[in-house]
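**Q** One structure coming up, written as structure tokens, with questions to follow.
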Amino acid sequence: MKLHSLTVALIAMSTLSVACGDKNDDTGDTGHADHDHDGDGDGDDDADADGTDADGTDADGTDADGTDADGTDADGTDADGTDADGEEPACGEPTVTELEGYYFDSAFVDDASSVSNTGQIMRQVLMTEMKAYVGDLTDMVDDGDEFAAGDVVSGLMYYFDFNAEDADDALYATPDNALQTTWGEISTKNLVGKIAGNDSATDHTNWTDTVDEATGDVTPSSFAGFPADGVNSPESLVMHWFNEIEANVLARAEGDTDALANPVYLTADGVDRQQLLQKFLTGAVTFSQGSDDYLDNDVDGKGLLASAECSTDDAGECKKYSALEHAWDEGFGYFGGARNYGLMTAADIKANENDANGDECMDLITEYNWGGSVNAAKRDVGSADLDSATDFVGEAWTGFHDGRAIIDGAGHDVDGLNDDEMTDLVAHRDMAIAAWEKAIAATVVHYINDMKADLMAAGTDAMAGVEPGSEDATYSFADYAKHWGEAKGFGLWFQFNPNSPMSAEQFATLHEKLGWTAPGYVPGSSDDYMPFYTGLEEASTLLGEIYGFDDELLAAW
């Protein structure tokens, strides 16, 4: 077990209770919005208005026999219904046995579900836990934990390049009543293998510089939006932030004045790397994989062009699903909706307290809402009272669920879907991805509005002679940086969708207005804030024009 793995285990062991996998986080309130129990990664718990991997396992984390690499079934339990550690789950008996929603029976195996996407949920959890770890680093330093060069990067790599040997480590940033309490009860997959550019068979563009071995010609990377030194790919940007966080940790441990002024993920230029990391990774992994791999239809044998026949294990026996069913389910897993997502209200999805089967526990695989699915609900709630109210939740659900029903009702043989069925399926894919992307665009608008409010608060404080950081101040530097990090991190998503309505020129304009590597203005500087403020308004207007948001929506979010 790695040093960081041991640290996480000790934190988790000290906070675990026996009832229902209860994990009351008592690792210290760092003031960051880290434990993020609403699931979207916004970090605000939002009280706002608003087919096979290289390791031989399927992309959902299941082996050829339908079990996870640690021998557990895809639902995280052993074949006898016990948890992976051999103990009965400490939950009540389910009171609902006939579940409705994203449930489809196998055409190949009797009395089995054909839905399996544990690998995708694993990656959602990895990003949530990484975010919490980054948030806890400041307290770790201040409490006397010692860090040598390489330790923090190693700690972050624990999540980014997760090792199956750590499957028994406890989770500590998931909901208190989570059914699954260890990684192995979900899956053993990692993030680095699925970040844009590292699973390149279906990539619509080049995400890193490549060299032609025969000619030596270099094809430059198409990756854009954060032009920092040494950054030419999504993975290199992640490593860039890892290294900056580690440098701040080591500086704080040495008593550096600048490093002591803010949490280790935040610097005086207004860059919040906790937010940037989590938001960017969610796009570079989940949205990239969903839109440009599992739900795309440009590579034979992949995504919507995968086989409708049963997938087979090493012995030639049918698995529970076809490659096409599996690809669609993986796309839905990356969107992050619970199996009953479309049967919930947007407010309930935002609250993320979903016990569909009535057992008093939260199943992280089937009941919790993750990532983009929660952003969609938050923006629907934020526009609910308007004449132009959005229904991102409904659009996404119709696309994903009804699209899956098309696959379920079509032939499960070599012929697969006929032309009409495929046309209908592509239309449902387009609906699902469009709703997903629009929800993210609306979320960028939301954080632009937050930044504008922050700037106004800073101006009000200055005019009243209020000392920055005092208890009378209405402006918070940490909040401002957080809001910028969220807008910027989410804003990097759009390039990953091969069918995005945002052009490369519009993408560049958006990031010019937001600031390429830091906000264009930080209150307290001698610069004029108006050019940046005007740029934020222009960025919001641009998003409205691209995605069809009227002025009322742009203001409400």
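Throughout, read-outs are computed from the coordinates displayed, never taken from laboratory work. What you see is a predicted model, and the numbers here were worked out from it, not measured in a lab. Virtual Cβ from ideal backbone geometry, glycine too; neighbours counted across all protein chains shown.
**Q** Can you tell me which of 243-251, 431-439, 274-282, 209-217 comes out highest on packing, and rank the rest after it, using the mean Cβ neighbours within 10 Å? If you can, show how the numbers build up before the last one.
**A** Numbers: 243-251: 19.3, 431-439: 24.4, 274-282: 27.2, 209-217: 9.1.
Going by the mean number of other Cβ atoms within 10 Å, highest first, we get 274-282, 431-439, 243-251, 209-217.
**Q** While we're here: List the lysines whose alpha-carbon lies under 19 Å from that of Lys378, not counting same-chain residues fewer than 8 positions away?
**A** Lys279, Lys350, Lys438, Lys482, Lys488
**Q** Given +1 on the Cβ of Lys and Arg, -1 on the Cβ of Asp and Glu, and no further charges, what dipole in debye does region 342-407 carry about its Cα centre, rounded to the nearest 20? Before the final figure, lay out the partial values.
**A** Details: 4 positive and 13 negative charges, 63 e Å.
Roughly 300 debye for region 342-407.
**Q** How big is the shadow of the Cα convex hull of region 179-262, averaged over all directions, in nm²? Walk me through the intermediate numbers first.
**A** Numbers: hull surface 39.5 nm².
Answer in nm², one decimal: 9.9.
**Q** Turning to a different aspect of this structure: log₁₀ I(q)/I(0) of region 383-481 at q = 0.22 Å⁻¹, via Debye over equal Cα point scatterers, no solvent, to two decimals?
**A** -1.03
**Q** For region 295-397, max minus min Cα coordinate along each principal axis, in Å, sorted largest first?
**A** Extents along the principal axes: 54, 37, 17 Å.
**Q** Starting from the Cα gyration tensor of region 353-429, take the square roots of the eigenvalues, sort them a ≥ b ≥ c, and report rounded, prolate or oblate (rounded when a/c is under 1.5, otherwise prolate if a/b is larger than b/c, else oblate). List each step's numbers first, then the result.
**A** Details: a/c = 3.53, a/b = 1.42, b/c = 2.48.
Oblate shape, in that a/c is at least 1.5 and b/c is the bigger or equal ratio.
**Q** Send over the semi-axes of region 88-206's equivalent ellipsoid, whole angstrom and largest first, taken as the square roots of 5 times the C-alpha gyration tensor eigenvalues. Kindly include the intermediate steps, with their values, before the conclusion.
**A** Working: eigenvalues 210, 104, 26 Å².
Value: 32, 23, 11 Å, ordered largest first.
**Q** So what's the projected area for region 330-385, the Cα convex hull averaged over all directions, in nm²? Write down the numbers at each step before the final one.
**A** Working: hull surface 15.0 nm².
Over all viewing directions, region 330-385 projects a mean Cα-hull area of 3.8 nm².
**Q** Per-residue counts of other Cβ atoms within 10 Å, averaged by peptide: what ranking do you get for 406-415, 479-488, highest first?
**A** Numbers: 406-415: 15.7, 479-488: 25.6.
For the peptides 406-415, 479-488, the packing ranking is 479-488, 406-415.
**Q** Rank-order 346-352, 497-503 by packing density, defined as the average count of other C-beta atoms within 10 Å over each peptide's residues, highest first.
**A** Values: 346-352: 21.1, 497-503: 17.0.
Taking the mean over residues of other Cβ atoms within 10 Å, the ranking is 346-352, 497-503.
**Q** Same structure, new question: Over the alpha-carbon set of region 426-557, work out the extent along each principal axis and list the three values in angstrom, largest first.
**A** 58, 25, 22
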